[in-house]
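Comments concern the structure below.
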Amino acid sequence: MSPPSPIWVEAYVLEGKPTGTGRFLGNVLRTWSRAVQGDSTAPAPRVRLVLRDQLATPWASLADVYPTYRIPTRRASFFLWQQGPVRRWLQSQADGVYLATNYTVPLNVSIPRAVVIHDASFFRYPEAFPWYKRGFQRRLVLRSIQESRLVFVPSEWTAREVERLGRIPADRVVVTYVGWDPRWLDPPGISRLDLFRSFQVDPDAFVFLTVGSLFQRRRPELLIRIWAEMGRRAWAERPVLVWIGENRSYPFVDYARIVRRQGLDRWVRFLGYQPEDVLHAFYRHADAVLYLSEYEGFGLPVLEGLAAGKPVVVSDIPVFRELYGDFVVRTPMNGEALLDTLWAVLQGHRPDRPEPLLQKYTWDRTARTIGDALQRLV
(Lines give C-alpha, C1' and ligand atoms only; values in the text may rest on other atoms or scores of the structure.)
Protein backbone atom coordinates (compact mmCIF):
# COMPACT_ATOMS: atom_id res chain seq x y z
CA MET A 1 0.00 0.00 0.00
CA SER A 2 1.37 3.42 -0.94
CA PRO A 3 1.81 5.97 1.88
CA PRO A 4 -0.92 8.61 2.28
CA SER A 5 -0.49 11.82 0.33
CA PRO A 6 1.16 14.47 2.52
CA ILE A 7 -0.36 17.67 3.78
CA TRP A 8 2.44 20.24 3.60
CA VAL A 9 1.84 22.92 6.23
CA GLU A 10 3.71 26.21 5.93
CA ALA A 11 4.80 26.82 9.54
CA TYR A 12 6.73 30.06 9.06
CA VAL A 13 4.31 31.86 11.42
CA LEU A 14 5.61 29.71 14.29
CA GLU A 15 9.16 30.99 13.90
CA GLY A 16 10.67 34.09 15.47
CA LYS A 17 8.00 35.96 17.44
CA PRO A 18 4.67 34.22 16.81
CA THR A 19 1.59 36.43 17.12
CA GLY A 20 -2.10 35.65 16.62
CA THR A 21 -1.51 33.92 13.27
CA GLY A 22 1.06 31.73 14.98
CA ARG A 23 -1.27 30.87 17.86
CA PHE A 24 -3.91 29.93 15.26
CA LEU A 25 -1.66 27.43 13.49
CA GLY A 26 0.07 26.21 16.63
CA ASN A 27 -3.19 25.29 18.33
CA VAL A 28 -4.52 23.56 15.22
CA LEU A 29 -1.33 21.48 15.01
CA ARG A 30 -1.50 20.67 18.71
CA THR A 31 -5.07 19.49 18.32
CA TRP A 32 -4.18 17.33 15.32
CA SER A 33 -1.22 15.88 17.21
CA ARG A 34 -3.55 14.19 19.68
CA ALA A 35 -4.77 12.04 16.82
CA VAL A 36 -1.38 10.84 15.59
CA GLN A 37 -1.90 7.61 17.50
CA GLY A 38 -4.95 5.58 16.66
CA ASP A 39 -7.23 7.96 14.72
CA SER A 40 -6.86 7.30 11.01
CA THR A 41 -9.52 9.89 10.13
CA ALA A 42 -7.47 12.81 11.47
CA PRO A 43 -4.94 14.56 9.20
CA ALA A 44 -2.01 14.39 11.64
CA PRO A 45 -0.26 11.33 10.12
CA ARG A 46 -0.15 13.13 6.76
CA VAL A 47 1.15 16.48 8.05
CA ARG A 48 4.66 17.71 7.20
CA LEU A 49 5.87 21.11 8.40
CA VAL A 50 7.64 23.42 5.95
CA LEU A 51 10.00 25.83 7.72
CA ARG A 52 12.58 28.46 6.96
CA ASP A 53 14.29 28.23 10.34
CA GLN A 54 13.43 26.79 13.77
CA LEU A 55 10.12 26.68 15.61
CA ALA A 56 9.92 29.21 18.42
CA THR A 57 9.12 28.45 22.04
CA PRO A 58 6.54 27.20 23.06
CA TRP A 59 5.85 25.53 19.71
CA ALA A 60 9.22 23.77 19.36
CA SER A 61 7.81 20.46 20.63
CA LEU A 62 5.71 20.19 17.46
CA ALA A 63 8.91 19.16 15.67
CA ASP A 64 8.84 15.99 17.80
CA VAL A 65 5.39 15.16 16.43
CA TYR A 66 5.59 16.13 12.78
CA PRO A 67 8.33 15.61 10.19
CA THR A 68 9.85 18.97 9.25
CA TYR A 69 11.32 20.17 5.97
CA ARG A 70 13.61 23.16 6.29
CA ILE A 71 13.97 25.29 3.18
CA PRO A 72 16.63 27.90 3.99
CA THR A 73 17.11 31.25 2.32
CA ARG A 74 19.41 34.22 2.71
CA ARG A 75 16.57 36.67 2.17
CA ALA A 76 14.75 38.10 5.17
CA SER A 77 11.44 38.61 3.35
CA PHE A 78 8.75 35.99 3.92
CA PHE A 79 7.25 36.66 0.49
CA LEU A 80 10.58 36.19 -1.32
CA TRP A 81 11.16 32.95 0.59
CA GLN A 82 7.70 31.66 -0.24
CA GLN A 83 7.71 32.68 -3.91
CA GLY A 84 11.36 31.64 -4.43
CA PRO A 85 12.83 28.60 -2.64
CA VAL A 86 9.50 27.20 -1.43
CA ARG A 87 7.88 27.56 -4.82
CA ARG A 88 10.81 25.82 -6.58
CA TRP A 89 10.78 23.02 -4.00
CA LEU A 90 7.02 22.61 -4.28
CA GLN A 91 7.25 22.22 -8.05
CA SER A 92 9.19 18.98 -7.44
CA GLN A 93 6.45 17.45 -5.24
CA ALA A 94 4.30 14.98 -7.08
CA ASP A 95 1.31 14.78 -4.76
CA GLY A 96 -0.28 16.12 -1.60
CA VAL A 97 -1.78 19.48 -0.73
CA TYR A 98 -0.07 22.65 0.50
CA LEU A 99 -1.61 24.69 3.33
CA ALA A 100 -0.36 28.28 3.48
CA THR A 101 -1.28 29.99 6.75
CA ASN A 102 -0.23 33.61 6.18
CA TYR A 103 -2.47 35.10 3.45
CA THR A 104 -0.51 33.93 0.36
CA VAL A 105 0.43 30.69 -1.41
CA PRO A 106 3.34 29.80 -3.70
CA LEU A 107 2.03 30.75 -7.14
CA ASN A 108 2.02 28.81 -10.41
CA VAL A 109 2.50 25.30 -9.08
CA SER A 110 0.41 22.25 -9.94
CA ILE A 111 -0.09 20.87 -6.43
CA PRO A 112 -3.45 21.77 -4.85
CA ARG A 113 -3.17 24.61 -2.37
CA ALA A 114 -5.26 26.07 0.43
CA VAL A 115 -4.73 29.41 2.13
CA VAL A 116 -5.73 30.99 5.42
CA ILE A 117 -6.92 34.60 5.04
CA HIS A 118 -7.19 36.08 8.53
CA ASP A 119 -8.64 39.41 7.34
CA ALA A 120 -8.71 41.72 4.34
CA SER A 121 -6.59 44.47 5.90
CA PHE A 122 -4.32 44.71 2.84
CA PHE A 123 -7.36 46.00 0.94
CA ARG A 124 -9.20 47.88 3.68
CA TYR A 125 -6.14 49.75 4.97
CA PRO A 126 -3.48 49.87 2.22
CA GLU A 127 -2.08 53.06 3.75
CA ALA A 128 -0.92 50.98 6.74
CA PHE A 129 1.77 49.36 4.57
CA PRO A 130 4.82 50.88 2.86
CA TRP A 131 4.13 52.10 -0.66
CA TYR A 132 6.51 49.58 -2.23
CA LYS A 133 4.54 46.72 -0.65
CA ARG A 134 0.98 47.85 -1.24
CA GLY A 135 0.48 46.83 -4.84
CA PHE A 136 2.69 43.76 -4.56
CA GLN A 137 0.93 42.38 -1.50
CA ARG A 138 -2.55 43.11 -2.79
CA ARG A 139 -1.84 41.37 -6.12
CA LEU A 140 -0.19 38.44 -4.35
CA VAL A 141 -3.13 37.97 -1.96
CA LEU A 142 -5.65 38.16 -4.80
CA ARG A 143 -3.73 35.65 -6.92
CA SER A 144 -3.45 33.38 -3.90
CA ILE A 145 -7.21 33.48 -3.31
CA GLN A 146 -7.89 32.74 -6.97
CA GLU A 147 -5.35 29.90 -7.29
CA SER A 148 -6.27 28.17 -4.02
CA ARG A 149 -8.71 25.29 -4.02
CA LEU A 150 -9.84 26.28 -0.52
CA VAL A 151 -9.75 29.58 1.36
CA PHE A 152 -10.07 29.34 5.15
CA VAL A 153 -11.43 32.42 6.92
CA PRO A 154 -12.28 33.06 10.60
CA SER A 155 -15.75 34.63 10.26
CA GLU A 156 -18.74 35.03 7.97
CA TRP A 157 -17.82 38.72 7.71
CA THR A 158 -14.39 37.85 6.30
CA ALA A 159 -15.91 35.18 4.04
CA ARG A 160 -18.09 37.77 2.32
CA GLU A 161 -15.11 40.09 1.87
CA VAL A 162 -12.94 37.34 0.38
CA GLU A 163 -15.68 36.17 -2.00
CA ARG A 164 -16.15 39.72 -3.23
CA LEU A 165 -12.46 40.59 -3.52
CA GLY A 166 -11.37 37.32 -5.12
CA ARG A 167 -14.49 36.90 -7.24
CA ILE A 168 -14.61 33.23 -6.30
CA PRO A 169 -17.59 30.96 -5.59
CA ALA A 170 -18.77 30.65 -2.02
CA ASP A 171 -18.14 26.88 -1.95
CA ARG A 172 -14.38 27.47 -2.02
CA VAL A 173 -14.51 29.55 1.17
CA VAL A 174 -14.58 27.69 4.49
CA VAL A 175 -15.41 29.49 7.73
CA THR A 176 -13.29 27.96 10.50
CA TYR A 177 -13.82 30.38 13.39
CA VAL A 178 -11.05 30.35 16.03
CA GLY A 179 -10.63 28.71 19.42
CA TRP A 180 -9.30 29.34 22.90
CA ASP A 181 -6.65 27.37 24.74
CA PRO A 182 -8.00 25.65 27.91
CA ARG A 183 -4.48 25.50 29.34
CA TRP A 184 -4.71 29.25 29.88
CA LEU A 185 -7.24 28.52 32.63
CA ASP A 186 -4.38 27.09 34.67
CA PRO A 187 -2.90 29.47 37.25
CA PRO A 188 0.14 31.30 35.85
CA GLY A 189 3.52 30.68 37.35
CA ILE A 190 3.85 34.25 38.65
CA SER A 191 1.70 36.24 41.07
CA ARG A 192 -0.05 39.48 40.15
CA LEU A 193 2.21 41.40 42.51
CA ASP A 194 5.43 40.03 41.02
CA LEU A 195 4.21 40.28 37.43
CA PHE A 196 3.05 43.88 37.66
CA ARG A 197 6.09 45.04 39.60
CA SER A 198 8.41 43.53 37.01
CA PHE A 199 6.77 45.72 34.33
CA GLN A 200 6.36 48.84 36.51
CA VAL A 201 2.58 48.46 36.71
CA ASP A 202 0.79 49.48 39.91
CA PRO A 203 -0.41 46.15 41.44
CA ASP A 204 -3.32 47.92 43.16
CA ALA A 205 -4.66 49.56 40.01
CA PHE A 206 -7.55 48.35 37.87
CA VAL A 207 -5.78 47.08 34.72
CA PHE A 208 -7.23 47.08 31.21
CA LEU A 209 -5.24 44.74 28.94
CA THR A 210 -4.93 45.20 25.18
CA VAL A 211 -3.24 42.48 23.11
CA GLY A 212 -2.16 42.78 19.47
CA SER A 213 0.28 44.55 17.21
CA LEU A 214 0.03 48.33 17.19
CA PHE A 215 -1.69 49.44 13.99
CA GLN A 216 -3.40 52.77 13.45
CA ARG A 217 -6.70 50.98 12.88
CA ARG A 218 -6.53 49.83 16.51
CA ARG A 219 -6.51 53.47 17.56
CA PRO A 220 -3.66 53.69 20.10
CA GLU A 221 -3.71 57.49 19.79
CA LEU A 222 -7.38 57.53 20.85
CA LEU A 223 -6.60 55.46 23.93
CA ILE A 224 -3.77 57.80 24.88
CA ARG A 225 -6.19 60.75 24.66
CA ILE A 226 -8.75 58.87 26.73
CA TRP A 227 -6.26 58.14 29.50
CA ALA A 228 -5.14 61.77 29.49
CA GLU A 229 -8.79 62.83 29.82
CA MET A 230 -9.21 60.52 32.81
CA GLY A 231 -6.52 62.53 34.56
CA ARG A 232 -8.19 65.84 33.74
CA ARG A 233 -11.46 64.54 35.14
CA ALA A 234 -9.69 63.32 38.30
CA TRP A 235 -11.27 59.89 38.35
CA ALA A 236 -11.24 58.50 41.86
CA GLU A 237 -10.06 55.14 40.50
CA ARG A 238 -7.79 55.78 37.55
CA PRO A 239 -7.10 52.53 35.67
CA VAL A 240 -3.90 51.43 33.95
CA LEU A 241 -3.76 50.47 30.28
CA VAL A 242 -1.28 47.69 29.44
CA TRP A 243 -0.72 47.03 25.72
CA ILE A 244 1.17 43.88 24.70
CA GLY A 245 2.17 43.82 21.05
CA GLU A 246 4.87 44.92 18.65
CA ASN A 247 4.63 48.44 17.22
CA ARG A 248 3.95 47.85 13.51
CA SER A 249 2.45 51.25 12.80
CA TYR A 250 3.12 52.77 9.37
CA PRO A 251 4.12 55.51 9.09
CA PHE A 252 5.84 54.66 12.37
CA VAL A 253 4.51 56.45 15.45
CA ASP A 254 6.44 56.17 18.72
CA TYR A 255 3.43 55.85 21.00
CA ALA A 256 5.55 55.10 24.06
CA ARG A 257 7.38 58.40 23.57
CA ILE A 258 4.07 60.27 23.29
CA VAL A 259 3.00 58.71 26.58
CA ARG A 260 6.22 59.78 28.28
CA ARG A 261 5.95 63.34 26.95
CA GLN A 262 2.43 63.64 28.34
CA GLY A 263 3.46 62.25 31.71
CA LEU A 264 1.17 59.23 31.33
CA ASP A 265 3.76 56.48 31.59
CA ARG A 266 2.46 55.46 35.02
CA TRP A 267 -1.00 54.87 33.54
CA VAL A 268 -0.26 53.70 29.98
CA ARG A 269 2.29 50.93 29.47
CA PHE A 270 3.35 49.72 26.02
CA LEU A 271 5.21 46.48 26.72
CA GLY A 272 6.03 45.41 23.17
CA TYR A 273 6.11 41.77 22.17
CA GLN A 274 5.96 39.32 25.07
CA PRO A 275 6.27 35.51 25.13
CA GLU A 276 3.34 33.20 25.74
CA ASP A 277 3.93 32.74 29.48
CA VAL A 278 3.88 36.49 30.10
CA LEU A 279 0.79 36.91 27.93
CA HIS A 280 -0.92 34.11 29.84
CA ALA A 281 -0.11 35.78 33.16
CA PHE A 282 -1.45 39.17 32.06
CA TYR A 283 -4.71 37.66 30.80
CA ARG A 284 -5.21 36.01 34.20
CA HIS A 285 -4.16 38.96 36.37
CA ALA A 286 -5.67 41.88 34.41
CA ASP A 287 -9.09 43.12 35.48
CA ALA A 288 -10.57 43.64 32.01
CA VAL A 289 -9.63 43.32 28.33
CA LEU A 290 -9.98 46.25 25.93
CA TYR A 291 -9.84 45.69 22.17
CA LEU A 292 -10.65 48.65 19.94
CA SER A 293 -10.28 48.37 16.20
CA GLU A 294 -11.87 49.81 13.10
CA TYR A 295 -11.53 46.47 11.33
CA GLU A 296 -10.73 42.83 12.24
CA GLY A 297 -11.25 39.38 10.78
CA PHE A 298 -12.00 37.70 14.12
CA GLY A 299 -10.25 39.35 17.07
CA LEU A 300 -8.62 36.42 18.88
CA PRO A 301 -7.72 38.51 21.99
CA VAL A 302 -11.44 39.12 22.53
CA LEU A 303 -12.10 35.39 22.79
CA GLU A 304 -9.00 34.86 24.93
CA GLY A 305 -10.15 37.57 27.33
CA LEU A 306 -13.59 35.96 27.63
CA ALA A 307 -11.98 32.57 28.24
CA ALA A 308 -9.90 34.12 31.02
CA GLY A 309 -13.13 35.27 32.67
CA LYS A 310 -12.66 39.00 32.10
CA PRO A 311 -15.16 41.63 30.97
CA VAL A 312 -14.17 42.57 27.42
CA VAL A 313 -14.74 46.00 25.87
CA VAL A 314 -14.70 46.12 22.06
CA SER A 315 -15.45 48.58 19.30
CA ASP A 316 -18.94 48.33 17.85
CA ILE A 317 -18.07 46.92 14.41
CA PRO A 318 -19.93 44.29 12.33
CA VAL A 319 -17.55 41.36 12.90
CA PHE A 320 -17.75 41.74 16.69
CA ARG A 321 -21.53 41.88 16.54
CA GLU A 322 -21.53 38.67 14.48
CA LEU A 323 -19.09 36.76 16.67
CA TYR A 324 -19.59 38.04 20.20
CA GLY A 325 -23.04 39.61 20.43
CA ASP A 326 -24.00 40.60 23.97
CA PHE A 327 -21.17 38.62 25.57
CA VAL A 328 -18.93 41.69 25.24
CA VAL A 329 -19.34 45.39 26.00
CA ARG A 330 -19.48 47.19 22.65
CA THR A 331 -18.71 50.89 22.40
CA PRO A 332 -18.54 53.55 19.69
CA MET A 333 -15.01 54.81 19.12
CA ASN A 334 -15.46 58.37 20.28
CA GLY A 335 -14.18 59.98 23.44
CA GLU A 336 -17.36 60.48 25.45
CA ALA A 337 -18.87 57.09 24.68
CA LEU A 338 -15.63 55.27 25.43
CA LEU A 339 -15.12 57.12 28.70
CA ASP A 340 -18.66 56.23 29.78
CA THR A 341 -18.09 52.58 28.85
CA LEU A 342 -14.80 52.30 30.72
CA TRP A 343 -16.33 53.98 33.77
CA ALA A 344 -19.21 51.50 33.75
CA VAL A 345 -16.78 48.56 33.69
CA LEU A 346 -14.81 50.13 36.53
CA GLN A 347 -18.06 50.29 38.50
CA GLY A 348 -18.67 46.58 37.98
CA HIS A 349 -20.71 46.37 34.76
CA ARG A 350 -20.47 42.87 33.25
CA PRO A 351 -22.02 41.44 30.07
CA ASP A 352 -23.65 38.02 29.81
CA ARG A 353 -21.61 34.99 30.88
CA PRO A 354 -19.69 33.70 27.83
CA GLU A 355 -20.09 29.93 28.29
CA PRO A 356 -22.14 29.49 25.04
CA LEU A 357 -19.34 31.16 23.08
CA LEU A 358 -16.64 29.12 24.77
CA GLN A 359 -18.48 25.95 23.80
CA LYS A 360 -18.82 27.13 20.21
CA TYR A 361 -15.33 28.51 19.55
CA THR A 362 -12.91 25.66 20.29
CA TRP A 363 -9.66 24.57 18.69
CA ASP A 364 -11.11 21.07 18.35
CA ARG A 365 -13.81 22.46 16.10
CA THR A 366 -11.37 24.63 14.15
CA ALA A 367 -8.89 21.79 13.62
CA ARG A 368 -11.64 19.35 12.59
CA THR A 369 -13.09 21.82 10.06
CA ILE A 370 -9.70 22.46 8.45
CA GLY A 371 -8.60 18.82 8.59
CA ASP A 372 -11.79 17.47 7.01
CA ALA A 373 -11.61 20.01 4.19
CA LEU A 374 -7.93 19.34 3.46
CA GLN A 375 -8.38 15.59 3.35
CA ARG A 376 -10.99 15.99 0.63
CA LEU A 377 -8.24 17.51 -1.54
CA VAL A 378 -5.71 14.66 -1.18
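Quick rundown of the values:
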| item | result |
| --- | --- |
| Pairs where the first residue, in the range 84-99, is farther than 21 Å from residue 117 by Cα and not assigned by TED's automatic domain parsing to the domain that holds residue 140 and the second is modelled with pLDDT of 95 or more and in a helix (DSSP H, G or I), C-beta under 6 Å, 6+ apart | none |
| Verdict on residue 368 being in a helix (DSSP H, G or I), buried (at least 16 other Cβ atoms within 10 Å of the Cβ), basic (Lys, Arg) and assigned by TED's automatic domain parsing to the domain that holds residue 220 | no |
| Conditions (1) in a loop (DSSP other than H, G, I, E, B); (2) among the hydrophobic types (A, V, I, L, M, F, W, C); (3) at pLDDT 95 or above: number failed by residue 49 | (1) |
| Residue 194 vs. criteria more than 30 Å from residue 32 (Cα to Cα), more than 23 Å from the chain's Cα centre (by Cα) and acidic (Asp, Glu) | yes |
| Residue count for the range 304-314, restricted to those that are surrounded by fewer than 24 Cβ atoms within 10 Å (Cβ to Cβ) and either in contact with a strand residue (DSSP E or B) (Cβ under 8 Å, 6 or more places away or on another chain) or outside the structural domain of residue 344 (by TED's automatic domain parsing) (or both) | 5 |
| Some residue of the range 265-280 being surrounded by fewer than 20 Cβ atoms within 10 Å (Cβ to Cβ), among the β-branched types (Val, Ile, Thr) and assigned by TED's automatic domain parsing to the domain that holds residue 210 | yes |
| Flag if residue 128 is in contact (Cβ under 8 Å) with a residue 12 or more places away in the chain and among the aliphatic types (A, V, I, L, M) | yes |
| Any chance residue 144 is of a type in the set (Gly, Ala, Ser), under 21 Å from the mean Cα position of the chain (by Cα) and within 22 Å of residue 376 (Cα to Cα) | yes |
| Residues of the range 72-91 satisfying the condition of being closer than 18 Å to residue 16 by Cβ and buried (at least 17 other Cβ atoms within 10 Å of the Cβ) | 78, 81, 82, 85, 86 |
| Lone unmet requirement of (1) closer than 30 Å to residue 200 by Cβ; (2) surrounded by fewer than 15 Cβ atoms within 10 Å (Cβ to Cβ); (3) touching a Phe, Trp or Tyr at 6+ places or on another chain (Cβ under 6 Å) for residue 348 | (3) |
| Residue in the range 176-190 that is among the charged types (D, E, K, R), within 24 Å of residue 346 (Cα to Cα) and not assigned by TED's automatic domain parsing to the domain that holds residue 28 present | no |
| Flag if residue 183 is basic (Lys, Arg), surrounded by fewer than 17 Cβ atoms within 10 Å (Cβ to Cβ) and assigned to a helix (DSSP H, G or I) | yes |
| Test set (1) in contact with an Asp or Glu (Cβ under 6 Å, 6 or more places away or on another chain); (2) of a type in the set (Phe, Trp, Tyr); (3) over 30 Å from residue 174 (Cβ atoms) - residue 327 fails condition number | (3) |
| Scope the range 66-82; condition in contact with a Phe, Trp or Tyr (Cβ under 7 Å, 6 or more places away or on another chain) and not in a loop (DSSP other than H, G, I, E, B); matching residues | 78 |
| Filter result (within 25 Å of residue 347 (Cβ to Cβ) and of a type in the set (Lys, Arg)) within the range 236-281 | 238, 266, 269 |
| Answer from 376, 321, 353 - the residue that is surrounded by fewer than 20 Cβ atoms within 10 Å (Cβ to Cβ), modelled with pLDDT of 95 or more and not hydroxyl-bearing (Ser, Thr, Tyr) | 321 |
| Matching residues, the range 154-173, being out of contact with any His (no Cβ under 8 Å at 6 or more places or on another chain), crowded, with 17+ Cβ neighbours inside 10 Å and in contact (Cβ under 8 Å) with a residue 60 or more places away in the chain | 155, 157 |
| Residues (modelled with pLDDT under 95 and either touching a Phe, Trp or Tyr at 6+ places or on another chain (Cβ under 8 Å) or of a type in the set (Gly, Ala, Ser) (or both)) located in the range 326-342 | 335 |
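Residues are listed down the side, and each one gets a yes or a no for (1) modelled with pLDDT under 95; (2) in a strand (DSSP E or B); (3) surrounded by fewer than 15 Cβ atoms within 10 Å (Cβ to Cβ); (4) among the aromatic types (Phe, Trp, Tyr):
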position: 8; (1), (2), (3), (4): no, yes, no, yes
position: 13; (1), (2), (3), (4): no, no, no, no
position: 18; (1), (2), (3), (4): yes, no, no, no
position: 26; (1), (2), (3), (4): no, no, no, no
position: 29; (1), (2), (3), (4): no, no, no, no
position: 35; (1), (2), (3), (4): yes, no, no, no
position: 38; (1), (2), (3), (4): yes, no, yes, no
position: 53; (1), (2), (3), (4): yes, no, yes, no
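The values are calculated or read from the model by the stated rules, or taken from the named source; none is laboratory data. In this text, all values refer to a predicted model and were calculated from it rather than measured experimentally. Ideal geometry is used to build each Cβ from the backbone, glycine not excepted, and the neighbour counts take in all protein chains shown.
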